[in-house]
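The values are calculated or read from the model by the stated rules, or taken from the named source; none is laboratory data. All figures in this text were calculated on a predicted structure; none of them were measured in a lab. Note that we place each Cβ from the backbone using ideal geometry, even for glycine, and neighbour counts take in every protein chain shown. Please note that ligands, DNA and RNA were not included when accessible areas were found on the heavy atoms of the full protein model with its side chains. Shrake-Rupley method; radii C 1.70, N 1.55, O 1.52, S 1.80 Å.
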Amino acid sequence: MERILVTGGAGYVGSACCAQLLERGFPVEVLDDLSTGFAEAIPEGVKLHLFDFGNPEALGRLLASTTFDVMFHFAAKALISESVSNPGVFFDANVASSIAMLETLRKHGVRKFVFSSSAAVYGSPNVVPIPEEHSKEPVNAYGESKLILERILQWYASAYGWSVVAFRYFNASGGAQAWGERHSPETHIIPLLLQTASGRRDHFEIYGSDYPTADGTCQRDYVHVRDIAQAHMLALQKMDEPGFHAYNIGTGTSYSVREVCQAVERVTDRKLRVRQGRRRPGDPAVLCASPKKLMQDFDWKPVHSELEQIIRGAWEWEQTECTQELLAKAY
């Protein structure tokens, strides 16, 4: 079977994909510098190569010693608010380092590439749910950096015969007792709400209540990380076809921040302390991706992505985190 190298495999989505690759019998190894990931998130038995993916010397040595057929590229800087205030580091990490990586892959004959892009490439959409052919006008440097790399990959596909699949998604979520989201700092809505419900966080802040939506708060679709990982497995079917293919991963249904707050209260049976705050820079009012193309081409379905199902699993993980925190304090 094809040997797969996963950048960012110690992160939330990358580690979930590694787990599914292992379940299907693929030989998989992880490249991660652990700047934001966690070694313990990598599935047991998967080898970790500890360096920055943008280091061409280290990557070259790895590719010279081990033959990989496909790269899954998850590693990226992804804090949207920071990308607005400090865009240079995002273009350096997400574009410049990625070009160095692509050239190293090309030198060593790796031409199959699955890219974790983002629905942030669309900016503020005119049509919802957003189809892949929608205009792309990012409103933050994170989305711009993802779009630039998509365009670079289109050129690699056309000029060098690469097989590339790019996935655009937003708000990967979900978990279970043994695994879930962990970010430092935490900026994702469901973990923040659950930390508020558990008492690890004093309150949850809604950033903006004057958006042009039904209740004034931002709307997003939420996709279970297992459904995202499943789409990546299906992408391997495209790896024998040179070309560039972009797909949305979504449910086609969006929820407002207030609606997610209410769903968390129902699942946890706890009342949340919620405060109103100002808008964050770089936040579109609505992001909801249409998954029709992915469904048509691969028969993909979001089987784990019902909102309360996502929250129930993430709540199990939050309770695990609370227990671990109490044990750490005890010792």
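Counting only protein heavy atoms and a probe of 1.4 Å, the accessible surface of the chain is 49% carbon and sulfur.
Normalised by 2.2 N^0.38 Å, with N the number of residues, the alpha-carbon radius of gyration of segment 26-146 equals 1.18.
Taking packing as the residue-averaged number of other Cβ atoms within 10 angstrom, the listed peptides 6-12, 147-153, 220-226 run from highest to lowest as 6-12, 220-226, 147-153. Farthest toward the positive end of the dipole of segment 86-178, out of Asn171, Pro138, His108, is the Cα of His108, where the dipole comes from beta carbon charges about the Cα centre. Legend: residues Lys301, Lys112, sorted from most to least accessible area (1.4 Å probe; ligands, DNA and RNA excluded), read Lys301, Lys112. Antiparallel beta bridges, as assigned by DSSP with both residues in the chain, represent about 10 percent of the total such bridges. Oblate is the label for segment 257-304, because the ratio a/c of its alpha-carbon gyration tensor axes (a ≥ b ≥ c) is 1.5 or higher and a/b is not greater than b/c. Compute the long axis of helix 307-330 from its Cα atoms, compare it with the longest principal axis of the Cα atoms of the chain, and write down the angle in degrees, 0 to 90, nearest 10. It is inclined by approximately 90 degrees. For a label point 7 Å from the Cα of Ala214 along Cα→C-beta, name the residues of segment 98-133 whose backbone N is under 17 Å from it. Within reach of a label on Ala214, which here means backbone N under 17 Å from a point 7 Å along Cα→Cβ, segment 98-133 contributes 128-130. What you get for the chain, charging only the Cβ of Lys and Arg (+1) and of Asp and Glu (-1), is a dipole of about 220 debye around the Cα centre. Sites listed here are GluC sites (Glu not before Pro) in segment 1-61 whose DSSP assignment is loop and whose Cβ has at most 15 other Cβ atoms within 10 Å: Glu2, Glu44. Axis angle, to the nearest 10 degrees, between helix 97-107 and the longest C-alpha principal axis of the chain: 30 degrees.
Helix 56-65 and the longest principal axis of the C-alpha atoms of the chain enclose an angle of approximately 60°.
Compactness check for segment 180-232: Cα Rg over 2.2 N^0.38 Å is 1.38. Measuring between alpha carbons in the structure, the pairs from Lys136/Lys292; Lys77/Lys136; Lys77/Lys146; Lys112/Lys136; Lys238/Lys292; Lys146/Lys293 lying more than 22 angstrom apart are Lys112/Lys136.
Per residue, the Cα convex hull of the chain amounts to 133 Å³. Within segment 89-221, the percentage of alpha carbon pairs spaced more than 28 angstrom apart rounds to 34%. All C-alpha pair distances within segment 137-215, sorted into 5 Å bins from zero, spread as 3, 10, 13, 15, 15, 14, 12, 8, 5, 3, 1 percent across the bins.
The charge dipole of segment 225-331, taken about the Cα centre with unit charges on the Cβ atoms of Lys, Arg (+1) and Asp, Glu (-1), comes to about 660 debye, rounded to the nearest 20. Note on segment 1-73: along the principal axes its Cα atoms extend 31, 29, 18 Å, ordered by decreasing extent. Modelled spin labels at Asp297 and Asp269, positioned 7 Å past Cα toward Cβ, are 4.5 nm from each other. The HN-Hα couplings worked out from phi for segment 252-264 by the Karplus form 6.51 cos²θ - 1.76 cosθ + 1.60 (θ = phi - 60°) are x, 10, 10, 10, 6, 4, 4, 5, 5, 4, 5, 5, 5 Hz, whole numbers, x standing for Gly and Pro.
Computed with the Debye formula from one identical point scatterer per Cα of segment 111-172, without solvent, the log10 of I(q)/I(0) at q = 0.13, 0.20 Å⁻¹ comes to -0.35, -0.77.
The shape of segment 206-331 comes out oblate: with a ≥ b ≥ c from the C-alpha gyration tensor, a/c is at least 1.5 while a/b does not beat b/c.
Candidates Gln219, Pro281, Asn248 compared by Cα position along the dipole of segment 197-307: farthest toward the positive end lies Pro281, with charges placed on Cβ.
Extension gain for the segment Ala176 to Arg279, taken as residue separation times 0.36 nm less the Cα-Cα distance, is 34.0 nm to one decimal.
Near Ser116, within a Cβ-to-Cβ distance under 12 Å, what is the net charge of the other residues, with Lys and Arg +1 and Asp and Glu -1? Once positives and negatives cancel, what remains is +1. Only helical runs count toward this figure. For the chain, summing -39,500 (n - 2.57) over DSSP H runs of n ≥ 4 and dividing by all residues gives -12000 deg cm²/dmol at 222 nm. Please find, in a Gaussian network model of the chain (springs between Cα atoms separated by less than 10 Å), the residue of Ile99, Ile42, Ile249 whose mean-square fluctuation is greatest. Greatest mean-square fluctuation among the candidates belongs to Ile99. Solvent-accessible surface of the chain, taken per residue with a 1.4 Å probe and all protein chains present: 44 Å².
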